[in-house]
Amino acid sequence: YKKLFRNAISIAAVSLLAFFGYTFFKEKKQNQNKIIATTNTKSAITPPLTDTNVPYETFRFNASTGDTLFTLNGSIIIFPKNAVLNVKGEIVTGNIEVRSREFNDVFDYSIAGIPMDYDSAGTNYKFISSGMIDISAYQNGEPLQINPNVKPQLNLVSTNKERNTNLYKLDTFTGNWMNKG
């Protein structure tokens, strides 16, 4: 029985490896055909390691009805109905995909390659953050934008106890932080 058991385990292991190998190469080949066009723009966000980064969470819902998203970190993102527009500026209907990732500490900022320098009146400072979020929406692979009349509400979890803080937005092309109040 021991020999039979070992043979069964060996056959199962080989079958599993073959399945994963087939799946990997099939997906890789499919992904090669999905690239339609690329743009040559340099981002100010440059991760120092190519295979290590803060992962995205993916949510799917109907844009016409909106949804409340609960991240693994405990943050809450509320998308009211009609909160996203397509590239033509039209209200999006139907299912959309929202990708988000949160940066909560120096380790997250570092592995993501987020620049943490801030210039104020010609003096350079190290930016200290209470938390950050990177969020984007897509429909059928096409990027969407926020409807300025119906904006999502972001409720980010932070370990910072300071209540008097400002909101900043990173210009990902220039690397400059813009004070939003």
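The values are calculated or read from the model by the stated rules, or taken from the named source; none is laboratory data. Just so it is clear, the model here is predicted, and its values are computed rather than measured. Because the Cβ atoms are built from the backbone with ideal geometry, glycine has one as well, and the counts that use them run over all protein chains shown. With ligands, DNA and RNA removed, areas are computed over all heavy atoms of the protein, side chains included. Shrake-Rupley method; radii C 1.70, N 1.55, O 1.52, S 1.80 Å.
Summary of computed values
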| quantity | calculated |
| --- | --- |
| So Asp119, is it part of a strand (DSSP E or B), under 17 Å from Thr58 (Cα atoms), at pLDDT below 95 and touching a Phe, Trp or Tyr at 6+ places or on another chain (Cβ under 9 Å) | no |
| For Thr65: the one exception among (1) within 21 Å of Phe173 (Cβ to Cβ); (2) open to solvent by 80 Å² or more (accessible area, probe 1.4 Å); (3) part of a loop (DSSP other than H, G, I, E, B) | (1) |
| Selection count, the range 151-173, where residues are under 14 Å from Ile77 (Cβ atoms) and assigned to a loop (DSSP other than H, G, I, E, B) | 4 |
| Checking Asp51 against (1) open to solvent by less than 100 Å² (accessible area, probe 1.4 Å); (2) at pLDDT below 95; (3) among the acidic types (Asp, Glu), the condition it does not meet | (1) |
| Selection within the range 125-153 - open to solvent by 50 Å² or more (accessible area, probe 1.4 Å) and at positive phi | Asn140, Gly141 |
| Residues of the range 170-179 satisfying the condition of being open to solvent by 50 Å² or more (accessible area, probe 1.4 Å) and in contact with a Lys or Arg (Cβ under 8 Å, 6 or more places away or on another chain) | Phe173, Met178 |
| Every residue from the range 82-117 that is of a type in the set (Phe, Trp, Tyr) and open to solvent by 40 Å² or more (accessible area, probe 1.4 Å) | Phe107 |
| Unique residue being hydrophobic (A, V, I, L, M, F, W, C) and surrounded by 12 or more Cβ atoms within 10 Å (Cβ to Cβ) when the list is Leu156, Leu167 | Leu156 |
